[in-house]
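Taking it in order: structure first as structure tokens, then the write-up.
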Amino acid sequence: MNKNILMKFNNAARFMFNKDEVIVCNRLNGLWIKISKECYDILKLGEDSKITVEKLLCALADDEDRKYIDELITTLDSIGVLFEKIIPRKIKDISFAITHRCNLKCSHCIVDAAYGGQVDKYDTKTLCRLLDKVIKVNPQGIVLTGGEPLLRKDFLTILKHVRDNYSGNITLMTNGTLLNQDNISIIKDLVTNIDISLDGADEDSCSIVRGPGVFQKVVNNIKLLKNNGFNKISISMILSENNSFYVNEFFELNKSLGTNPMLRALSYSGRAAKNKELLDKKYTLRENQHTSKKETKYHTCTCTAGYDQLTIEANGDIFPCNLFVNKEFKLANIEEIEDLNQLFNTSKGEFLSPCVQKFEPQKFDKCKDCNINYFCWSCLYSIYDIKDHFEERCKYKKGIYADVWVNNEKRG
């Protein structure tokens, strides 16, 4: 480390305070360290005085203090919260719903996908032209979703177009029911990952939200994918009142199938809003037993809605992510914008799209003064969505994360 550089916390640094301790976290990578308030004050004094690291160290009383602060600065630098650095922003992924139609009618569908004979807005040629705008910004990944994308008779043509013009990761998000030997033989060579929504661990739990017979059909198609040599398969489950008791069984199912489990938060949008009474999630101890076991190594918030990701709906409307899809968060329509890079403009130090920055923990009224606020929210849509259950969730989260201030763990 160059000690002639000015002592300064950078734009990714966030702070939580508790008595004589401070947690410094990186807003982008979720890493954090707990330090004494005394050490924090020394570092802030160096920053406010606009002096170099070398001069700050020389101003300390003795060699032991200098050594400790020097090592602390090195550690803070290693988690990326010190010094002004040029952080090249790489667009992580752009999700495109290529149809609004679906062959299922899941009770928790956030887009209220159309069941039946609705016509897609974009024909093959137009959709490929719009996908070229996505390809042009060269994200790390492109996600083809819906509705159910395989309902489009031209799906393989669209998929081939994307792969012919794009070398990054292509993820197919599907309910898995329309996979068969014929399309798998083509899809397996064109996509990087397949993410299959199942929302249960067996026929009973799956049928509650997806309908009878879906579970076994999907499991059979997963095995068919495996038999064709395709192994990068994830199975996702959106947690709701109806299936949250099946989390451990869901993980066991993935283990037996050799797939990657993904738990997703429930969003009360689309059809899910209409079924809120049925789906409403309660934060009970039993419901969250598995979560508590998984959160032994804490990370702070890394939500980057609109900063390195976008979601494009089947009508062309663009949103910061696949949860912030309410009308108030609409950024543009893909037909009206030529360069998607324009939508990734954020203020210095901000890591969310401007329309959702008010949900940043340090800005949200109910959270801004909390000493664990950056631990509580991995997905900031939850702040917008939780509404009536905020106090209940807050109490639950404080019970989980309070120990970050009392144990000897210094770093996440």
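Structure notes:
- Unmet criterion (only one of (1) in a helix (DSSP H, G or I); (2) touching a Leu at 6+ places or on another chain (Cβ under 9 Å); (3) at pLDDT 90 or above) for residue 337: (1)
- Taking residues in segment 250-276 that are modelled with pLDDT under 50, and partners anywhere that are outside any helix (DSSP H, G or I) and not small (Gly, Ala, Ser), the pairs with Cβ atoms closer than 6 Å and at least 6 places apart or on different chains are 271/109; 271/112; 272/108; 272/110; 276/268.
- Qualifying residue in segment 343-363 (condition: under 30 Å from residue 101 (Cβ atoms), among the charged types (D, E, K, R) and in contact (Cβ under 8 Å) with a residue 24 or more places away in the chain): no
- Residue list for segment 36-57, restricted to those being part of a loop (DSSP other than H, G, I, E, B) and either touching a Gly at 6+ places or on another chain (Cβ under 7 Å) or not hydrophobic (A, V, I, L, M, F, W, C) (or both): 49, 50
- Filtered residue count, segment 72-83, keeping only those that are in a loop (DSSP other than H, G, I, E, B) and under 26 Å from the mean Cα position of the chain (by Cα): 3
- Qualifying residue in segment 16-35 (condition: in a strand (DSSP E or B), hydrophobic (A, V, I, L, M, F, W, C) and open to solvent by 60 Å² or more (accessible area, probe 1.4 Å)): yes
- Filtered residues of segment 334-350 (kept if open to solvent by less than 20 Å² (accessible area, probe 1.4 Å) and over 16 Å from residue 311 (Cβ atoms)): 349
- The numbered conditions (1) more than 21 Å from residue 153 (Cα to Cα); (2) open to solvent by 60 Å² or more (accessible area, probe 1.4 Å) are all true for residue 219 except (2).
- Residue pairs whose Cβ atoms lie under 6 Å apart, separated by 6 or more positions or on different chains, with the first residue in segment 1-30 and over 19 Å from residue 47 (Cα atoms) and assigned by the TED database to the domain that holds residue 47 and the second crowded, with 17+ Cβ neighbours inside 10 Å and at pLDDT 95 or above, are 27/14.
- Members of segment 58-71 found to be open to solvent by 10 Å² or more (accessible area, probe 1.4 Å) and in a helix (DSSP H, G or I), listed by number: 58, 63, 64, 65, 66, 67, 68, 70, 71
- In the set 90, 85, 133, only one residue is modelled with pLDDT under 85 and surrounded by fewer than 19 Cβ atoms within 10 Å (Cβ to Cβ); that residue is 85.
- Any chance residue 179 is more than 29 Å from residue 379 (Cα to Cα), surrounded by 22 or more Cβ atoms within 10 Å (Cβ to Cβ) and of a type outside the set (Ser, Thr, Tyr): yes
- A count restricted to segment 371-398 and to residues that are outside any helix (DSSP H, G or I) and open to solvent by less than 30 Å² (accessible area, probe 1.4 Å) stands at 3.
- Residue-level check: of (1) part of a loop (DSSP other than H, G, I, E, B); (2) in contact with a Ser or Thr (Cβ under 6 Å, 6 or more places away or on another chain); (3) not hydrophobic (A, V, I, L, M, F, W, C), residue 200 misses just (2).
The values are calculated or read from the model by the stated rules, or taken from the named source; none is laboratory data. For clarity, every value in this text was computed on a predicted model and none was experimentally measured. Note: ideal-geometry Cβ built from the backbone for every residue, glycine included; neighbour counts use all protein chains shown. Side chains included, ligands, DNA and RNA excluded: accessible areas come from the protein's heavy atoms. Shrake-Rupley method; radii C 1.70, N 1.55, O 1.52, S 1.80 Å.
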